[in-house]
Amino acid sequence: MPAVPDRRLLVLRVAALVLDMDDTINQTDRAMRAGLRCATRALWPQLGEPDRERSIQEYVADRTGWFDRFARGEIDFEEMRRGRLVDMANGLGVRVDDEHLRRFESTYRSAFAEACTPWPDALALIDRADAAGVPVAVLSNSAQQMTVMKVRRLGLEGRFAQVFSSDQLGAGKPDPGAYRAACARLDAVPAAVGYVDDHLRDAVGASRVGMQSVWLDRGGRGEGPADQPAVASLDQLLLEHVGP
């Protein structure tokens, strides 16, 4: 039977806590769509709204896997963004060049940053970690520059012990090396580190290296394996500090 999150509290007894950024701390899906609406209006003002929304959905879905290729270190951030934009343009039957990419990046980044909003339950969890004396770090598959920007936009500068990203660590989730590198830099063994991610694949990846991993199933889908702890809200997580 799949794990179905309920409303019971889950206590993590940890020396440190690592949180995913996108859609765990930041409402990234919402911010992406806001950025994409602005960018597509700048590039293709003639598009009708149904076509615009379909193209945005295709960009977000990333069926070619450009973002995962970036997270694995196969391509750089610019190539990833270019690939996703070209795929979106191909779906609309139009071509893009370097000038389109420049305009897209400029418009998208500004609108995305403006739309970044923290999940309230993430802020409350970070406050509980502070109160319990548990240091909190971020582990993201995005670029370090983008991850730090999100931290700043969310007003969370100074709240994290470390901010890790796939291009900084040389490995991205669910590669075991990403989790182990984060734990090593926090000077803690995986078994003493809590981990929370809204992406089931990445939560399972953390479990496999021995971290106290929790899948944040905000939608209540209940599609996880039975042995993967899951919650529907970060409000269900309590923290106790262990170790030095």
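Listed by first and then second residue, the pairs with beta-carbon distance under 7 Å, at least 6 apart or on different chains, first residue in region 21-48 and surrounded by fewer than 21 Cβ atoms within 10 Å (Cβ to Cβ), second small (Gly, Ala, Ser) and in a helix (DSSP H, G or I), are Arg30/Ala115; Ala34/Ala111; Ala34/Ala115; Cys38/Ala111. Counting only helices (runs of 4 or more DSSP H) that fall entirely inside region 161-210 and contain at least 1 residues that are among the basic types (Lys, Arg) and farther than 19 Å from Ala143 by Cβ, the qualifying elements are 176-185, 200-208. In region 1-32, of all residues being part of a loop (DSSP other than H, G, I, E, B) and modelled with pLDDT of 95 or more, the one that is farthest from the chain's Cα centre (by Cα) corresponds to Ala15. Number of residues in region 117-160 that are of a type in the set (Val, Ile, Thr), part of a helix (DSSP H, G or I) and within 13 Å of the chain's Cα centre (by Cα): the value is 3. Against the condition touching a Ser or Thr at 6+ places or on another chain (Cβ under 7 Å), surrounded by 19 or more Cβ atoms within 10 Å (Cβ to Cβ), modelled with pLDDT of 95 or more and under 18 Å from Val231 (Cα atoms), how does Ala129 come out, does it pass? Judged against the criteria, Ala129 is not a match. Here is a list: Val148, Val138. Which entry is in contact (Cβ under 8 Å) with a residue 40 or more places away in the chain and either crowded, with 17+ Cβ neighbours inside 10 Å or in the same structural domain as Asp197 (by TED's automatic domain parsing) (or both)? Criteria check complete, one pass: Val138.
The values are calculated or read from the model by the stated rules, or taken from the named source; none is laboratory data. Nothing here was measured: the structure is a model prediction, and the numbers come from that model. A quick note on method: Cβ atoms are made from the backbone with ideal geometry, for glycine too, and the neighbour counts reach across all protein chains shown.
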